[in-house]
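One structure is given below, encoded as structure tokens.
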Amino acid sequence: MTKDEDAVEPCKLHTVLPTSIERGISLSGIDTREPVTDLLYWRDVKASAVTFSLLMLILLTLNQTSALLVYSYISLSLLTVTVAVKMYRFVMQTVNGTQQPNPFQDLMELDITISEERAQKYLSIFLSHFNCTVVSARDLFLVKNVTETLKFALFSWVMGYVGSVFNSLTLVIIGVALAFTAPAIYEKNQAQIDQYWGMGKQRISLFVENVRATVPGLKPKVE
């Protein structure tokens with residue numbers, strides 16, 4: 001087996017998860033120029049606070065009423081604000097007799113389109129994760145590895161229990177809250193979290209090895 005083949009990491013389901021801890025990627029390797037990364041790591045506190053508040057407001061409202069009603073209220077609220085600002089500009093322009101600048105000029109000039117280069121980049125990432133997920137699912141359901149399949153069965157059972165307690169929208173709300181809090185907490189306490197994470201992984205590995213050595217049929221094959 002060549003060195004290149006040894007360096008290739010086999011496709012596993014956990015590689016689909018976008019967590020820097022699981023992938024072993026340091027924070028220095030993250031592209032902080034990405035707008036989403038800036039929001040999640042609170043580079044601009046005002047922008048992150050506004051985005052987080054709006055997302056939580058929308059999700060909490062969706063949890064209480066229909067999506068169409070939420071869409072209607074949000075659209076009408078935004079239109080009310082923009083029309084009121086436009087009317088105020090028109091009144092001030094009429095009273096003063098001077099041309100007033102467009103209050104939305106900065107937003108009008110903001111580039112909100114997705115470039116072809118960035119679209120190709122994210123498409124490549126999506127295809128990589130999608131293919132990994134499909135291959136992993138095939139191996140798990142066809143019991144290619146008994147240990148991995150048992151872990152997947154346990155995970156599915158836990159998800160069923162969680163689903164009986166929380167609905168999907170509640171899980172999305174929890175996910176958004178974690179997305180805006182966990183990265184910042186990890187960045188500030190990376191050394192301590194990595195230390196405890198490593199200790200936890202080591203104990204889990206020892207437990208799995210003990211189970212493999214005890215349960216017949218789970219012992220690793222010796223060539």
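The values are calculated or read from the model by the stated rules, or taken from the named source; none is laboratory data. Just so we're clear, the structure is a prediction, and the values are computed from it rather than from any experiment. For neighbour counting, all protein chains shown are included, and Cβ atoms are generated from backbone atoms with ideal geometry for every residue, glycine included. To get the accessible areas, we keep the full protein, side chains included, count just its heavy atoms, and leave off ligands, DNA and RNA. Shrake-Rupley method; radii C 1.70, N 1.55, O 1.52, S 1.80 Å.
Share of carbon and sulfur in the accessible area of the range 70-209 stands at 69%, probe radius 1.4 Å. Exposure check, 1.4 Å probe, all protein chains in place: S164 carries approximately 90 Å² of accessible surface. Residue-wise HN-Hα couplings along the range 176-189, as the Karplus relation 6.51 cos²θ - 1.76 cosθ + 1.60 with θ = phi - 60° gives them from phi, are 5, 4, 5, 4, 8, 10, 4, x, 5, 5, 5, 5, 7, 10 Hz; Gly and Pro carry x.
Packing, taken as the mean count of other beta carbons within 10 Å per residue, orders the peptides 180-188, 117-125 from highest to lowest as 180-188, 117-125. Note on the range 62-125: semi-axes of the ellipsoid equivalent to its C-alpha gyration tensor, largest first and rounded to whole Å, are 34, 24, 5. M87 contributes about 120 Å² of solvent-accessible surface, heavy atoms of the protein only, 1.4 Å probe.
In order along the range 67-82, phi translates into HN-Hα couplings of 5, 5, 5, 5, 4, 5, 5, 5, 4, 5, 5, 5, 5, 4, 5, 5 Hz, rounded to whole numbers, per the Karplus curve 6.51 cos²θ - 1.76 cosθ + 1.60 with θ = phi - 60° and x for Gly and Pro. Across the range 100-117, rounded Karplus estimates of 3J(HN,Hα) from the backbone phi angles (6.51 cos²θ - 1.76 cosθ + 1.60, θ = phi - 60°) give 8, x, 5, x, 9, 5, 5, 6, 5, 8, 6, 7, 10, 7, 9, 5, 5, 5 Hz, Gly and Pro being marked x.
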